[in-house]
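The next block holds one structure in the form of structure tokens; read it before the comments.
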Amino acid sequence: MKIALYSRPEIVFQREELLEFFAVLDRHGMQYSVNASFARDIAAQTGRVFAPEQCYAGAPPEGIEMIVSYGGDGTFLDTVRLLDTRPVPVLGINYGHLGFLANVSRENVSEAIAAIAAGQYRVEECLLLHAEGDFGEPVEYPYAFNEFSLQKRGVSMVSVEVFIDGEPVTTFLGDGLILSTPTGSTAYSLSVGGPILAPDCRGFILVPIASHNLTMRPLVVTDGSEIRFRVASRTGDAIVTLDSREYIVPSGSTFTLRKSKKSAFLVKLQNISFYRTLRDKMMWGLDSRALRERV
């Protein structure tokens with residue numbers, strides 16, 4: 001199998017783990033290319049030097065069947081963006097903290113690579129949001145894997161008018177508003193009180209951030225909806241994000257969001273389900289009484 005590896009340059013790796021990782025890849029006959037900064041880190045840690053044709057800068061090489069994100073969830077999002085909607089599935093090996101997207105633990109790398117070599121995995125298709133509007137600068141990658149958000153800049157709240165399929169819905173007042181994909185429902189959206197959507201749900205979530213109105217609640221809309229926002233801010237500008245990318249926009253800016261015609265693809269191992277990840281990573285449904293009994 002021909003794969004690409006991607007990692008951020010600021011991650012600190014353990015020499016022994018890197019040696020074992022590449023030994024496993026070699027043992028299973030994987031053909032791999034490595035992004036340039038990762039290749040330099042590997043060489044510094046292990047002394048392993050890659051041939052020029054094994055290194056890439058910018059977009060991953062053509063012809064790969066899979067790309068492996070080696071880091072945390074932020075690295076995973078970078079990997080999805082690097083693919084630029086190419087239909088290449090992504091496997092995430094967690095070298096970060098939570099690792100909800102990068103859900104293969106460092107301890108289980110050997111088992112994961114063996115399963116992939118044996119074809120014991122599936123590919124899950126994930127929705128992407130496509131955004132257009134008054135970003136104030138060219139946006140090379142106008143997609144969001146987790147969420148699009150409008151937020152205040154400074155101490156004053158913002159107001160966000162919401163229109164769905166051309167119909168005025170409401171105006172959110174507060175620190176901002178999130179539009180989340182099902183995948184992003186366990187990210188920023190969840191931290192501000194949004195619901196969890198299973199990956200195969202075909203919808204988006206509108207979630208207020210610190211709403212000024214106590215009756216304002218999250219709203220789930222179908223993925224066929226066209227959602228338009230108009231933001232107003234007393235400070236004169238606001239912050240817009242596409243996942244981890246941030247833009248400063250003037251008050252009065254409008255944005256239109258809809259489901260992208262392109263999708264992202266995730267590698268799912270047969271022994272790791274969405275609900276198992278919820279239980280293990282987020283302790284979902286854990287009885288606090290059971291925790292107290294252990295202490």
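Taken over the stretch 209-285, the alpha-carbon convex hull comes to 187 cubic angstrom per residue.
Please arrange 157, 1 by counting, for each residue, the other beta carbons lying within 10 Å of its beta carbon, fewest first.
On the way: 157 18, 1 15.
The most exposed by this proxy come first: 1, 157.
Taking the Cα centre of the chain as the origin and placing charges on Cβ (Lys, Arg +1; Asp, Glu -1), which of 56, 168, 186 is farthest toward the positive end of the dipole? So the residue furthest toward the plus end is 186.
Over the stretch 129-259, what portion of Cα pair distances is larger than 18 Å, expressed as a whole percent?
The share of Cα pairs beyond 18 Å in the stretch 129-259 comes to 48 percent.
How big is the dipole moment of the stretch 150-279 about its Cα centre under a simple scheme where the beta carbon of each Lys and Arg is +1, that of each Asp and Glu is -1, and everything else is neutral? Debye, nearest 20, please.
Details: 15 positive and 10 negative charges, 70 e Å.
It comes to approximately 340 debye.
Whole angstrom only: what separates the Cα centroid of the stretch 44-75 from the Cα centroid of the stretch 179-204? If we compute the Cα centre of each part, the gap is 30 Å. Here volume of the Cα convex hull per residue in Å³ was calculated from the structure, and among [x] 159; [y] 227; [z] 136 it sits at label [x]. Between helix 73-83 and the chain there is an angle of about 90 degrees, using the helix long axis and the longest principal axis of the Cα atoms.
Residue 261: which aspartates and glutamates have alpha carbons under 15 Å from its alpha carbon, excluding same-chain residues fewer than 8 sequence positions away? The reachable aspartates and glutamates, counting only those whose Cα sits under 15 Å from residue 261, are 84, 125, 132, 223, 226.
Please get the size of the charge dipole for the chain, origin at its Cα centre, with Cβ charges of +1 on Lys and Arg and -1 on Asp and Glu, quoted in debye to the nearest 20.
Roughly 500 debye, rounded to the nearest 20.
Using only the alpha-carbon atoms, how far is helix 36-46 inclined from the longest principal axis of the chain? Give it as 0 to 90 degrees, nearest 10. That works out to roughly 50 degrees.
Note the per residue figure in Å³ for the convex hull of the C-alpha positions in the stretch 1-124.
Values: hull volume 12.5 nm³, N = 124.
Spelled out: Cα convex hull of the stretch 1-124, divided by residues, is 101 Å³.
Placing +1 on the Cβ of every Lys and Arg and -1 on the Cβ of every Asp and Glu, with no other charges, gives the stretch 1-139 a dipole of roughly 420 debye about its Cα centre.
Each reported figure results from applying straightforward, stated rules to the coordinates on display, with no laboratory input. What you are looking at is a predicted structure, and each value in this text was computed from that prediction instead of being measured. Cβ sites come from the backbone with ideal geometry, for glycine too, and all protein chains shown count toward neighbours.
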